[in-house]
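Colleague: Here you go, one structure.
The values are calculated or read from the model by the stated rules, or taken from the named source; none is laboratory data. This is a predicted model, so every value here is computed, not measured. A quick note on method: Cβ atoms are made from the backbone with ideal geometry, for glycine too, and the neighbour counts reach across all protein chains shown. For the accessible areas, the whole protein counts, side chains as well, though only heavy atoms, and no ligand, DNA or RNA atoms are used. Shrake-Rupley method; radii C 1.70, N 1.55, O 1.52, S 1.80 Å.
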Amino acid sequence: MTPSLTRASSAASVVLLATTPACRLSCADGTLLDRLGDQLAALAVRDVQVLTPGGALLPRGEQPEPEHAEPAGGLGADLRAVAKLARGSTGPLVVLPADLVAHTDALGLLLQHPARGSAALVSSDAEGGPLRPPVRLEGGRVVAAASSFHTVPQANATFRGVLQAGEADLASLADVAEELADLAESGRLGPVSAVEAVDLLLVGLVRAGARVRAARLGPLHADRVTGQATADGAITRLAEVDEDQVRLDTAVKDRDGFFTTFFVSSWSRHLVRPAARLRLTPNTVTGCSVGLAVLAAVWFSAGTRGAMVLGAALVYLSFVLDCLDGQLARYTRAFTPLGAWADGMADRLKEYVVYAGLAIGYAGGLPWQHGGPDGIWYLAIAAMILQVVRHAIDFAYGGSVADAAKVGALWAKPVRSLLEETDGRAGAPAAQGVLGLSHRLERDSLIHWAKKMIVLPIGERMALIAVTAALFNARVTFAALITWGGVASLYQLTGRIARSAR
């Protein structure tokens, strides 16, 4: 089970589809329906309704008697009940089949994700066969889904039966559910049953154009069961996985920069659990990181060799805490808009405060005329302006990609998706060749890490500042930041021009 952590109440509403006899299979916690109810309570989900056979809705705890388990209205009635809930919901709505055996953290991948948008629980693990209908994923999204009535070409994952509709997609979910109910009641869906309700809803939502995030299970399990033997086997599989270890592993980014991956995250992960036990919040850790950066700037301002070495050590520790706050947030799922904003602002503040401390220490109290000794203040300001411009480009490009994706612009699609669509097509833009080559080179480990480093991410910048300040002086630090930062800017700008030109 998951560790005992303080959780904020989930904003999502959950409808448990208790429409199949399998949900009343026994387990150590009573029935599978009881077990799911306890898991939702552990995830601080307060709004839970149970959809019984024939479309009747009951608050959790008021479960129907077993003798009423036979469907009264069938799939159509169930879908109309989901549509009614979607139209009345004011936040994300999760459709959860009650014949599911899953890790609590697997449910948390949807219920506690900060985006709160539409998402589906999927797995790329083929072990045991495709227990649920296949789906195709591109760029972290479900772009095609199947049911017994629909097929998916080039499927690369399976749907595990849990679907969340974000607030923006509730109307689409309701429309899809009502349309499917009409088709089911008229017999145009063929011999489908209530078991497939959530599968059909995913198909409809994806085909309606909703952006459905693929919530990947990874080592966790989520299986729908049909009998006592399969239920017992699924529960046994859950016990074979250390859920807390998986949570810790996923809290540490696996696609971070070179310095962060090998010189910070390799050991900062061991601080996550102690920080959680001490009930430190991510914002508290962010504040400590800022404090260490300010102390580093104070020591840098002294300008002596000993002070420069100590300041460099504090810069490194400040960055360790900067990584730890995100790891702690993902481990405890303590996501807040304030925390995200504070983390981004703190990164900028720490870096620029350190620049000021370095320049003050190098100037040694001399006047500012002509930029100080060796033009140190000009260099400090140039390094700061370069970083401001780089951040502005990053945010502007990220916003334009998001806007372009909403209207289906080709250049906003992932590289792999674009290459699949244009394979064999004459006259494809030359930019596609550049991007395709870049994608193939990613498979080489050395080139992969070189590409990570060349863009001078924050980990590499903090390492550059610490090493050059400790071994040399502030002038060398600023010269290195400007040189490497300039190369990084040209590299990123070239790549983005090539990407948007396809």
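Colleague: So which of ALA234, ALA214, ALA229 ends up being surrounded by fewer than 17 Cβ atoms within 10 Å (Cβ to Cβ) and over 28 Å from LEU321 (Cα atoms)?
Modeller: From the options ALA234, ALA214, ALA229, the qualifying one is ALA229.
Colleague: Regarding GLN245, is this residue touching a strand residue (DSSP E or B) at 6+ places or on another chain (Cβ under 8 Å) and not hydroxyl-bearing (Ser, Thr, Tyr)?
Modeller: When the stated conditions are applied, GLN245 does not pass them.
Colleague: Let me ask something additional. State whether one or more residues within segment 394-417 are more than 29 Å from the chain's Cα centre (by Cα), modelled with pLDDT under 55, more than 21 Å from ARG475 (Cα to Cα) and among the acidic types (Asp, Glu).
Modeller: No, because not a single residue in segment 394-417 is more than 29 Å from the chain's Cα centre (by Cα), modelled with pLDDT under 55, more than 21 Å from ARG475 (Cα to Cα) and among the acidic types (Asp, Glu).
Colleague: Looking at (1) under 19 Å from ALA463 (Cα atoms); (2) out of contact with any Phe, Trp or Tyr (no Cβ under 7 Å at 6 or more places or on another chain), which is the one condition that is false for VAL285?
Modeller: (1)
Colleague: Also: Counting just the residues of segment 267-285 that are assigned to a helix (DSSP H, G or I) and open to solvent by 60 Å² or more (accessible area, probe 1.4 Å), which one comes out nearest to TRP341 (Cα to Cα)?
Modeller: Across segment 267-285, the extreme among qualifying residues is ASN283.
Colleague: Does LEU183 satisfy the criteria of being touching a strand residue (DSSP E or B) at 6+ places or on another chain (Cβ under 8 Å) and open to solvent by less than 70 Å² (accessible area, probe 1.4 Å)?
Modeller: So LEU183 fails the test.
Colleague: Let me ask something else about it. List the residue pairs whose Cβ atoms are under 9 Å apart, where the first residue sits in segment 151-167 and is without any contact (Cβ under 8 Å) to a residue 60 or more places away in the chain, the second is of a type in the set (Lys, Arg) and in a loop (DSSP other than H, G, I, E, B), and the two are 6 or more positions apart or on different chains.
Modeller: THR158/ARG132; PHE159/ARG132
Colleague: A follow-up question, please. If you scan segment 354-385, which residues turn out to be under 32 Å from the mean Cα position of the chain (by Cα) and open to solvent by 40 Å² or more (accessible area, probe 1.4 Å)?
Modeller: Listed by number, the residues that qualify are MET384, ILE385.
Colleague: Then there is this: Which one is modelled with the lowest pLDDT, of the residues in segment 33-74 that are under 15 Å from SER13 (Cβ atoms) and in a loop (DSSP other than H, G, I, E, B)?
Modeller: ARG60
Colleague: So, one more: Which of the residues belonging to segment 291-309 are open to solvent by less than 30 Å² (accessible area, probe 1.4 Å) and within 34 Å of the chain's Cα centre (by Cα)?
Modeller: ALA293, ALA296, ALA297
Colleague: Taking segment 86-107, which residues are surrounded by 22 or more Cβ atoms within 10 Å (Cβ to Cβ) and outside any strand (DSSP E or B)?
Modeller: Once the filter is applied, which keeps residues that are surrounded by 22 or more Cβ atoms within 10 Å (Cβ to Cβ) and outside any strand (DSSP E or B), segment 86-107 yields ALA86, PRO92, ALA98, ASP99, HIS103, ASP105, ALA106, LEU107.
Colleague: Given the criterion open to solvent by 20 Å² or more (accessible area, probe 1.4 Å) and in contact (Cβ under 8 Å) with a residue 60 or more places away in the chain, identify the matching residue among ALA312, ALA340.
Modeller: Step by step, each of ALA312, ALA340 is checked, and only ALA340 is open to solvent by 20 Å² or more (accessible area, probe 1.4 Å) and in contact (Cβ under 8 Å) with a residue 60 or more places away in the chain.
Colleague: Suppose we keep only residues that are within 15 Å of THR250 (Cα to Cα) and among the polar types (S, T, N, Q) within segment 313-343. Which one would you say is modelled with the lowest pLDDT?
Modeller: THR332
Colleague: Just a yes or no: is a residue in segment 269-281 within 14 Å of GLY326 (Cα to Cα), touching a Ser or Thr at 6+ places or on another chain (Cβ under 7 Å) and modelled with pLDDT of 95 or more?
Modeller: yes
Colleague: Just to verify a result, which residue in segment 177-202, among those that are without any contact (Cβ under 8 Å) to a residue 40 or more places away in the chain and part of a helix (DSSP H, G or I), is nearest to the chain's Cα centre (by Cα)?
Modeller: Among those residues, the one meeting the criterion is GLU179.
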